[in-house]
Protein chains: 2
Amino acid sequence: MLGRFEFANPTKIYFGKGAIDSLKGELERYGKTVQLVYGGGSIKKNGIYDEVLFALHAANKAVVEDGGVMPNPTADKLRDGVRIARENRVDFILAVGGGSVCDYAKALSVSVHCGGDPWEVYYERFEEPACPIVPVGCVLTMVGTGSEMNGGAVITNPERKLKIGHVFGSNVMPKFTVLDPTYTFTVPRRQMVAGIYDAFNHVCEQYFSGEDDNVSDDLAEALMRSIVRNSRVAVKDPENYEARSNLMWAASLALNTLIAKGKTTDWEVHMLGQAVGAYTDATHGMTLSAVSLPYYHYILPYGVKKFKRFAVEVWNVPEAGSDEEIALRGLDALDGWMQEIGVSRNLTELGVTPDMIEGIADATRVMDGGYHVLTRPEIVAILRASL
Amino acid sequence: MLGRFEFANPTKIYFGKGAIDSLKGELERYGKTVQLVYGGGSIKKNGIYDEVLFALHAANKAVVEDGGVMPNPTADKLRDGVRIARENRVDFILAVGGGSVCDYAKALSVSVHCGGDPWEVYYERFEEPACPIVPVGCVLTMVGTGSEMNGGAVITNPERKLKIGHVFGSNVMPKFTVLDPTYTFTVPRRQMVAGIYDAFNHVCEQYFSGEDDNVSDDLAEALMRSIVRNSRVAVKDPENYEARSNLMWAASLALNTLIAKGKTTDWEVHMLGQAVGAYTDATHGMTLSAVSLPYYHYILPYGVKKFKRFAVEVWNVPEAGSDEEIALRGLDALDGWMQEIGVSRNLTELGVTPDMIEGIADATRVMDGGYHVLTRPEIVAILRASL
């Protein structure tokens, strides 16, 4: 059943090989000064930086550089970026990179015109911002977060061991996003599979809630099937355009709010993973894969009907045996796929040690939209089982 | 494979029972004078008219009435509506009804500020209009066309035996749409199932093109499964909110451009159906259902791989036998479902007589995005097989 919801996603997508040639025209719709946000500099090696700069110059923009965005963008980096934006009175923020870069750009966009310390403002804010927003555009170079088509952002405060995500409304969504699958060809395999698992888990977080008949669940299964099928091709043949293009578009659709419609949604795996990330700086997608199976095994009895459907519809598990047996074979299939593509299946390899468990549990937000609301001892038990 | 595409759908959706309470706030974003467009007056019997008028008055609007939009809106009606809009200098068009009413509102929106005869302007126009657009909002009362979330419109010229559809870009899409599934509870069964088949066929038109791996096809299958499953509930229990809500949202997603991404798309069934509509004024969805099976049987040999996938993924046909045998069993399943919900399976019951066939063939536009480009004799043969 679809209860009440609102849906609005104004992000304009330019998809496909060569889509960067739409960048100039989009930039011309905005003001003179552009804050060019990017990460560790891989875009300077693979030529994407040059293509973006060509469009910026062709559109006659003044470019303010803001590179060095780290995989888990920090409160200090946010402060630094806001200072750059204010000093240069930027009119537009162009994010060129993966989810962290897009997230950082959106966190910037809502902070520039608000007073006070950017981290404190960001940390406190759960509603649509009241101060003016600096518009954002994205050129995506890595698949996974879906940040390129939603209003979400995650910022980490390492001193306070906090990794905080907010989801803003449609005003904060990128005005446009360039999605060229060939830009993802050179992403290292470990980053690629972490992104693939991140996208897959976004679907799971929305799917594993409710037990009614909901068209969003049908769409979720379609995305999961596509991600699994195409990931198997991409890990063997990273420059397979068909696989990379389907993964790129599926990942955007996985978190552009579409498949959440009519769902309560869970997000507990993300809360566990983000708490791990605050303690270890581990790759986001790997923190999710490392805690997923212990979590799903734990909550399976509370949502057995849906886990059975997951087994049958996503993994083609034959409908033989009890619902719980079928459901468990679905999780086995998920485990097999995780091994096949090579994502982390335990927290130990991400640097988590038993003495960190209590702290990570402290940092884990408890969600109430899934099949079971975790207690503190349950969180600790799931984290221990993930070691 | 997903080739180059652009995607932008700015329509804001307010979904669910009671969603009409969002109407006032949306109306306040636009100018004073609202052209209130509706159909034959059923909304005055079921109370929807009163709810809409309440919101219009609460938003302090001047209301210009424009009722009587017929199921296949005509060129003369378009001329009349443009006259009303110009005389009253309307700022906004509010469509309350089904797809015909929404289509008419969008055809109006692009014609008001263009000079010349509205039909001639509409007929000639295939590109984004250059003259200013009057913004449109929709309150949907019938499920099927998807007009509530796209830039399409179909207008009929009975004198010239033409039924012409145009698809405009995102500027012409409704600014907002109110989707309350309870508004569809009182739609007569024949209209309901015609709308359901229309929505299903929209998915088919996009699905039956290409043979590659495309995430849009996975999403299309998800929508088809949902439509079939929920239609079976709705025909038995018209006030089943779960079924009606899934049908309503699936129908919007079926034609909001999402599942066309990376596809060439066919639309030949619609071209055949619209030509029938121009000759008979028959219900749109019924014209599609009447020609579908003869058309699909005819083109099956050219796209057997996809028709096999359709059989397996949408209809759960076992994968036994040759590809063609499996594919044919899929069409049998489609036929069975059409009988079950009670849509037209031949043109004779829609009033088509053998002497009309040549004229309908003349009026049928030939598309080139599907598995086979029809010749004139093939069109005649398919129409004869549909009698």
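Based on this model, can you work out whether A:Trp337 counts as modelled with pLDDT of 95 or more, in contact with an Asp or Glu (Cβ under 6 Å, 6 or more places away or on another chain), assigned by TED's automatic domain parsing to the domain that holds A:Gly210 and among the aromatic types (Phe, Trp, Tyr)? No. Of the helices (runs of 4 or more DSSP H) lying entirely inside the range A:1-81, the ones with 3 or more residues being modelled with pLDDT of 95 or more are found at A:23-27, A:48-58. Selection over the range A:329-361 of residues that are surrounded by fewer than 17 Cβ atoms within 10 Å (Cβ to Cβ), free of Cβ contacts under 8 Å to residues at least 60 places away in the same chain and under 23 Å from the mean Cα position of the chain (by Cα) gives a count of 6. Condition (residue is touching a His at 6+ places or on another chain (Cβ under 9 Å) and crowded, with 24+ Cβ neighbours inside 10 Å) applied to the range B:307-314: is it met by at least one residue? No, every residue in the range B:307-314 fails to be touching a His at 6+ places or on another chain (Cβ under 9 Å) and crowded, with 24+ Cβ neighbours inside 10 Å. With respect to the numbered conditions (1) more than 30 Å from A:Glu51 (Cα to Cα); (2) in contact with a strand residue (DSSP E or B) (Cβ under 6 Å, 6 or more places away or on another chain), which one is the sole condition not fulfilled by A:Val139? Just one mismatch for A:Val139, condition (1).
Of everything in the range B:94-140, what is outside any helix (DSSP H, G or I), touching a Gly at 6+ places or on another chain (Cβ under 6 Å) and crowded, with 24+ Cβ neighbours inside 10 Å? Give them in sequence order. Correct list: B:Leu94, B:Gly97. Looking only at the range B:148-192, which residues are surrounded by fewer than 21 Cβ atoms within 10 Å (Cβ to Cβ), at pLDDT 95 or above and in contact with a strand residue (DSSP E or B) (Cβ under 8 Å, 6 or more places away or on another chain)? Within the range B:148-192, B:Lys175 is the sole residue that qualifies.
The single condition among (1) part of a loop (DSSP other than H, G, I, E, B); (2) over 18 Å from A:Gln35 (Cα atoms) that A:Lys163 does not satisfy is (1). On the basis of being of a type in the set (S, T, N, Q) and either touching a residue at least 60 places away in the same chain (Cβ under 8 Å) or within 14 Å of another protein chain (Cβ to nearest Cβ) (or both), does B:Asn60 make the cut? Criteria not met by B:Asn60. Whether a residue is at pLDDT 95 or above and assigned to a strand (DSSP E or B) was assessed, and A:Glu87 does not pass this test. Given the condition free of Cβ contacts under 8 Å to residues at least 60 places away in the same chain, within 14 Å of chain A (Cβ to nearest Cβ) and not aromatic (Phe, Trp, Tyr), answer yes or no: does some residue in the range B:4-11 qualify? Yes, the range B:4-11 has at least one match. When residues in the range B:270-282 are screened for being under 17 Å from B:Gln191 (Cα atoms) and surrounded by fewer than 24 Cβ atoms within 10 Å (Cβ to Cβ), 3 of them pass.
Restricting the range B:12-49 to residues that are within 14 Å of chain A (Cβ to nearest Cβ) and β-branched (Val, Ile, Thr) leaves a set whose member that is surrounded by the most Cβ atoms within 10 Å (Cβ to Cβ) is B:Ile13. Applying a threshold of 7 Å to beta carbon distances and a minimum spacing of six or more residues, or different chains, the list of pairs starting in the range A:301-316 at a residue that is of a type outside the set (Ser, Thr, Tyr) and ending at one that is not in a helix (DSSP H, G or I) reads A:Gly303/A:Phe208; A:Gly303/A:Tyr371; A:Lys305/A:Glu211; A:Lys306/A:Phe208; A:Lys306/A:Glu211; A:Ala311/A:Val317; A:Val312/A:Glu319. Filtered by the rule that a residue be of a type in the set (D, E, K, R) and under 27 Å from B:Arg225 (Cβ atoms), the range B:335-384 gives B:Asp335, B:Glu340, B:Arg345. Only one of these conditions is not met by A:Met1: (1) aliphatic (A, V, I, L, M); (2) surrounded by fewer than 18 Cβ atoms within 10 Å (Cβ to Cβ); (3) assigned by TED's automatic domain parsing to the domain that holds A:Lys163. Which number is it? Against the list (1) aliphatic (A, V, I, L, M); (2) surrounded by fewer than 18 Cβ atoms within 10 Å (Cβ to Cβ); (3) assigned by TED's automatic domain parsing to the domain that holds A:Lys163, A:Met1 comes up short only on (3). Take the residues in the range B:234-249 that are within 9 Å of chain A (Cβ to nearest Cβ) and of a type outside the set (A, V, I, L, M, F, W, C), then tell me which one is farthest from B:Asn316 (Cα to Cα). Taking the candidates together, the pick is B:Tyr241.
Just one of (1) in contact with a strand residue (DSSP E or B) (Cβ under 9 Å, 6 or more places away or on another chain); (2) closer than 23 Å to B:Val228 by Cα fails for B:Thr283. It is (1). Within the set A:Ser226, A:Ser231, the sole residue that is touching a residue at least 24 places away in the same chain (Cβ under 8 Å) and within 7 Å of another protein chain (Cβ to nearest Cβ) turns out to be A:Ser226. Checking each residue in the range A:210-223 for being surrounded by fewer than 23 Cβ atoms within 10 Å (Cβ to Cβ) and more than 7 Å from chain B (Cβ to nearest Cβ) picks out A:Gly210, A:Glu211.
One line per residue, one yes/no per condition, for (1) at pLDDT 95 or above; (2) within 18 Å of the chain's Cα centre (by Cα); (3) part of a helix (DSSP H, G or I):
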site	(1), (2), (3)
A:Asp212	no, no, no
A:Asn230	yes, no, yes
A:Val235	yes, no, yes
A:Ala251	yes, yes, yes
A:Ile259	yes, yes, yes
A:His270	yes, yes, yes
A:Gly273	yes, yes, yes
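Of the residues making up the range B:54-93, just one is hydrophobic (A, V, I, L, M, F, W, C), surrounded by fewer than 17 Cβ atoms within 10 Å (Cβ to Cβ) and within 26 Å of B:Gly195 (Cβ to Cβ), namely B:Met70. In the range A:193-200, the condition of being surrounded by fewer than 23 Cβ atoms within 10 Å (Cβ to Cβ) and either hydroxyl-bearing (Ser, Thr, Tyr) or outside any strand (DSSP E or B) (or both) is met by no residue. For B:Asn88, indicate whether it is within 21 Å of B:Val134 (Cβ to Cβ) and polar (S, T, N, Q). Spelling it out, B:Asn88 is indeed within 21 Å of B:Val134 (Cβ to Cβ) and polar (S, T, N, Q).
The residue list B:Arg4, B:Arg86, B:Arg79 contains one member that is touching a Gly at 6+ places or on another chain (Cβ under 7 Å) and basic (Lys, Arg), which is B:Arg4.
The values are calculated or read from the model by the stated rules, or taken from the named source; none is laboratory data. If you're wondering where the values come from, they're calculated on a predicted model, not measured in any experiment. Virtual Cβ from ideal backbone geometry, glycine too; neighbours counted across all protein chains shown.
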